[in-house]
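Heads up: the structure comes next, in structure tokens.
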Number of protein chains: 2
Amino acid sequence: MSLDRYIREVKDFPKPGIGFKDITPLLLDPAAFKSSIELLYEKVKDKKIDKIVAIESRGFIFGSALALKMGVGFVPVRKKGKLPGKCLSYTYALEYGEDTLEIHEDALLKNESVLIIDDLLATGGTAEAVACMVEKLGAKVSLIAFIIELEFLKGKDRLKKFSVISLIKYS
Amino acid sequence: MSLDRYIREVKDFPKPGIGFKDITPLLLDPAAFKSSIELLYEKVKDKKIDKIVAIESRGFIFGSALALKMGVGFVPVRKKGKLPGKCLSYTYALEYGEDTLEIHEDALLKNESVLIIDDLLATGGTAEAVACMVEKLGAKVSLIAFIIELEFLKGKDRLKKFSVISLIKYS
């Protein structure tokens, strides 16, 4: 199944000049959504993975389904102030300003192998921050997975320390 | 499997006097997370359901897995400004202040039967707002599902027009 026809481009969102890749048509189609999870599963099933770390909030949609299919634990990374337990907080630079993400300190064990997942790879700044958080907790980044990759933003260069996969690429 | 032992109470979060029910230990345990989706599935499988409408962002975690298991489409309800397409916006009162949620106008068809899902039923204000949004789009609320219900907050009374289920109840 060719998944790219389930991605809708919305012009000028969230600001003028940006063509936003909207995954909601894919989610709306049960066969396409199922296929996206199966394709991810095929790409990761032979890797050693103990936990899936999913980035709020679209990463949750794919991460939870993949964690269940793989039979591994699901760990949410959230915006500051949302997770109730003791957290590792990590602030990183955005194009304009900065953002802070949090992960529960007890969510990962030392030397566990982690798959990080989000819906879209743009410049890679958020995924890089999450990879850094995973490593600060003593775990290892086995793989970083995305549904969509905007190749022209060269996020993979920024993540070159890691194995990166994606299902749909825009060059 | 008794799921309540996978819920951690975090005292004084997000503010003093509140005992927050933390679902992350359940998500961290593959068997417990799988069991939660199977228990939801058993409760809903005989209902007519065309789409699952999930509330950002913890509702996404359970909604996506359940939508895949049921073979129905997944529709996210998000905070204002996050969804790129043409949206129905709905502002509703909170205990202090108000909040605005959005859903894509083309996500539901007239007369479709919808399951609304979120992780926790407290006073029911958010679920009531989402049910109203579903009906404004011409669809029907078949069921509202939660993992956790705080019975002492009487959210079910507020949602008495609807069928409501939950897996773990605190009285």
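The values are calculated or read from the model by the stated rules, or taken from the named source; none is laboratory data. Predicted model, so just to flag it, every value in this text is computed and none were measured. As a convention, Cβ positions derive from the backbone with ideal geometry for all residues, glycine included, and neighbour counts pool all protein chains shown. Heavy atoms of the whole protein, side chains included, go into the accessibility calculation; ligands, DNA and RNA do not. Shrake-Rupley method; radii C 1.70, N 1.55, O 1.52, S 1.80 Å.
What to note about this one:
- Packing around the peptides B:60-66, A:114-120, taken as the average count of other Cβ atoms within 10 Å per residue, puts them in this order, highest first: B:60-66, A:114-120.
- Heavy-atom accessible surface of chain B: percent carbon and sulfur, 1.4 Å: 49
- Spread over its residues, the convex hull of the C-alpha atoms of the range B:47-170 is 99 Å³ per residue.
- A 1.4 Å probe over all protein chains sorts B:L109, B:L28 by accessible area into B:L109, B:L28, starting with the largest.
- Database remark: amide H of A:L121 closer than 5 angstrom to the amide H of A:I148, A:E149, A:L150 (H placed geometrically; neighbours at sequence offset of 5 or more, or on other chains; Pro and chain starts carry no H).
- Dipole check for the range A:43-166: with +1 at the C-beta of Lys and Arg, -1 at the C-beta of Asp and Glu, and the Cα centre as origin, the magnitude is about 340 Debye.
- Interface size A-B, as summed buried accessible area [1.4 Å probe, Å², nearest 100]: 2900
- Residue ranges B:29-37, A:2-10 sort as B:29-37, A:2-10 when ordered by packing (mean number of other C-beta atoms within 10 Å per residue, highest first).
- At 7 Å out from Cα toward Cβ: A:Y41 inter-copy label distances (nm, ascending): 1.1
- Inter-chain neighbour count for B:80-89: the average number of beta-carbon atoms from partner chains within 10 Å of each residue's beta-carbon is 3.
- Computed label-point distance, nm, for sites B:I18 and A:K136 using a 7 Å Cα→Cβ extension: 2.4
- Plainly put, the tip 7 Å out from Cα toward Cβ on B:K154 is 6.2 nm from that tip on each other copy, the closest given first.
- Per-residue mean of foreign Cβ neighbours for A:94-100 is 0 (Cβ atoms of other chains, 10 Å radius).
- Value of relative contact order over chain A, rounded to a whole percent, pairs C-alpha under 8 Å and six or more apart: 17
- For the residues of B:51-58, the average number of beta carbons from a partner chain within 10 Å of their own beta carbon is 3.
- Label-point separation in nm, B:L109 to A:T91, each point 7 Å along Cα→Cβ: 5.0
- Over all Cα atoms in the protein assembly as shown, the spread is summed up by Rg and Dmax: 19.1, 55 Å.
- Distances between copies of B:D4, taken at a point 7 Å out from Cα along the Cα→Cβ vector and listed shortest first: 5.2 nm.
- Positions from the range B:1-43 whose accessible area shrinks by 30 Å² or more when the full protein complex is built, not the chain alone, probe 1.4 Å: B:R8, B:F13, B:T24, B:L27, B:L28, B:P30, B:F33
- Unit charges at the beta carbon, dipole of chain B: most positive-side option, B:A32, B:I52, B:I117: B:I52
- A simple count of charges around B:Y6, restricted to other residues whose Cβ falls under 13 Å of its Cβ and scoring Lys, Arg +1 and Asp, Glu -1, yields -1.
- For the range A:119-171, the solvent-accessible area works out to 43 Å² per residue, with a probe of 1.4 Å and every protein chain left in place.
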